[in-house]
1. Any chance segment 168-180 includes a residue that's of a type in the set (Ser, Thr, Tyr) and in contact with a Gly (Cβ under 8 Å, 6 or more places away or on another chain)?
2. Do any residues in segment 30-46 that are closer than 14 Å to residue 217 by Cα have Cβ atoms under 8 Å from those of residues that are within 14 Å of the ligand (Cβ to nearest atom) and part of a helix (DSSP H, G or I), where the two are at least six apart or on different chains, and which pairs are they?
3. Does at least one position in segment 52-61 carry a residue that is farther than 25 Å from residue 139 by Cα and either touching a Gly at 6+ places or on another chain (Cβ under 7 Å) or near the ligand (Cβ under 8 Å from one of its atoms) (or both)?
4. State which residue is farthest from residue 77 (Cα to Cα) when the search covers only segment 88-114 and only residues that are open to solvent by less than 40 Å² (accessible area, probe 1.4 Å), out of contact with any strand residue (DSSP E or B) (no Cβ under 7 Å at 6 or more places or on another chain) and aliphatic (A, V, I, L, M).
5. Tell me, yes or no, whether segment 32-45 has at least one residue that is under 19 Å from residue 213 (Cα atoms), at pLDDT 95 or above, touching a helix residue (DSSP H, G or I) at 6+ places or on another chain (Cβ under 7 Å) and open to solvent by 20 Å² or more (accessible area, probe 1.4 Å).
6. Strands (runs of 3 or more DSSP E) wholly in segment 119-189 with at least 1 residues that are hydroxyl-bearing (Ser, Thr, Tyr) and surrounded by 16 or more Cβ atoms within 10 Å (Cβ to Cβ) - which ones?
7. Please go through segment 62-107 and give me each residue that is more than 13 Å from the ligand (Cβ to nearest atom) and farther than 20 Å from residue 147 by Cα, ordered by number.
8. Of the conditions (1) within 24 Å of residue 35 (Cα to Cα); (2) in contact (Cβ under 8 Å) with a residue 24 or more places away in the chain; (3) small (Gly, Ala, Ser), residue 195 satisfies every one except a single condition; which number is it?
Amino acid sequence: MNDERQVGRSWDRNAGNWTRAVRDGLIPSRRAGTDEAILQAIAERGPKRLLDVGCGEGWLIRAVVGRTGCAAVGIDGAEALSAAARAADPANSYLTMDYDAFAADPSIGIGADFDVIAFNYSLFTKDIAPLLQAAASRLTPEGAIIIQTLHPGPVGEEQDGWRVEDFSVFAGEDWAAIPWYFRRLESWCVVLRDAGLDICERREPAADGRMLSLLIICAPIAC
Ligand SMILES: C[S@@+](CC[C@H](N)C(=O)[O-])C[C@H]1O[C@@H](n2cnc3c(N)ncnc32)[C@H](O)[C@@H]1O
């Protein structure tokens, strides 16, 4: 199986562990500031409608809805995760959908006119331009895509390429390793441009002098 396909399969296997890790606050960088960083970036735009792509067990939608009262849709390829999201928040809509299916037909089942489309640690594959392009087609004219991802580190230190997350921080638990595609900041700029997006703002949430993540707010070029 290629790395792109294996990404989706691995999340299915990790669904129970992942739900517990998120809901019990077991991921230190999230507690240190990345949860609040994306929540704030979304809430400050005052969205009426939010789409969360790769929503997992749905914490971000629950948090944004709690803060802003917006309506929301989440999509995720792992059925166990979208089911957990649905069970925790029957008022909003959570669909099991693979990114490939969404990119092929972004109109299926999710509606349009989203003020914000979020990708919180949910872009793991190499060829993400078609997915981002499809997402952009669901935005309002003033809408934005907000991506939070691992901080790429100092410029020039690493090359783009596939890596493996082995969840060693949860040693002793049964996690499936997950392949993910690392890209340098320059490569983020290129792939966003390929998807027809301009970077409106870049944030680097930090704690104790350490970069926690890279947060990119972008919108369709010439909008
Ligand atoms: C690290 S989790 C993040 C979940 C959530 N955004 C959060 O902040 O907790 C990545 C999520 O992306 C989803 N995902 C990854 N690749 C996918 C794909 N190709 N199609 C659909 N979902 C995918 C996984 O199922 C998983 O729920």
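1. At the first step, the residues of segment 168-180 found to be of a type in the set (Ser, Thr, Tyr) are 168.
Within this subset, residues satisfying the condition of being in contact with a Gly (Cβ under 8 Å, 6 or more places away or on another chain) are none.
Checked segment 168-180: no residue is of a type in the set (Ser, Thr, Tyr) and in contact with a Gly (Cβ under 8 Å, 6 or more places away or on another chain).
2. That search, which allows pairs on different chains as well, returns 38/60; 39/60; 39/63; 39/64; 42/60; 42/64; 43/64.
3. First pass over segment 52-61, keeping only residues farther than 25 Å from residue 139 by Cα: none.
No: zero hits.
4. The residue in question is 112.
5. Within segment 32-45, the subset under 19 Å from residue 213 (Cα atoms) is 32-44.
If we keep only those that are at pLDDT 95 or above as well, we get 32-44.
Pick out the ones that are also touching a helix residue (DSSP H, G or I) at 6+ places or on another chain (Cβ under 7 Å) and you get 38-39, 42-43.
Applying the additional criterion that residues be open to solvent by 20 Å² or more (accessible area, probe 1.4 Å) yields 43.
Scanning segment 32-45, I find at least one residue that is under 19 Å from residue 213 (Cα atoms), at pLDDT 95 or above, touching a helix residue (DSSP H, G or I) at 6+ places or on another chain (Cβ under 7 Å) and open to solvent by 20 Å² or more (accessible area, probe 1.4 Å), so the answer is yes.
6. Numbers: elements: 139-149, 161-165, 178-182.
By residue number, 139-149, 178-182.
7. 66, 69, 86, 87, 89, 90, 91, 92, 93, 105, 107
8. With respect to (1) within 24 Å of residue 35 (Cα to Cα); (2) in contact (Cβ under 8 Å) with a residue 24 or more places away in the chain; (3) small (Gly, Ala, Ser), residue 195 is out only on (1).
The values are calculated or read from the model by the stated rules, or taken from the named source; none is laboratory data. These figures come from a predicted structure and were not determined experimentally. Here the Cβ is made from the backbone with ideal geometry for all residues, glycine too, and neighbour counts use every protein chain on show. These area figures cover heavy atoms from the full protein model, side chains too; ligands, DNA and RNA do not enter into them. Shrake-Rupley method; radii C 1.70, N 1.55, O 1.52, S 1.80 Å.
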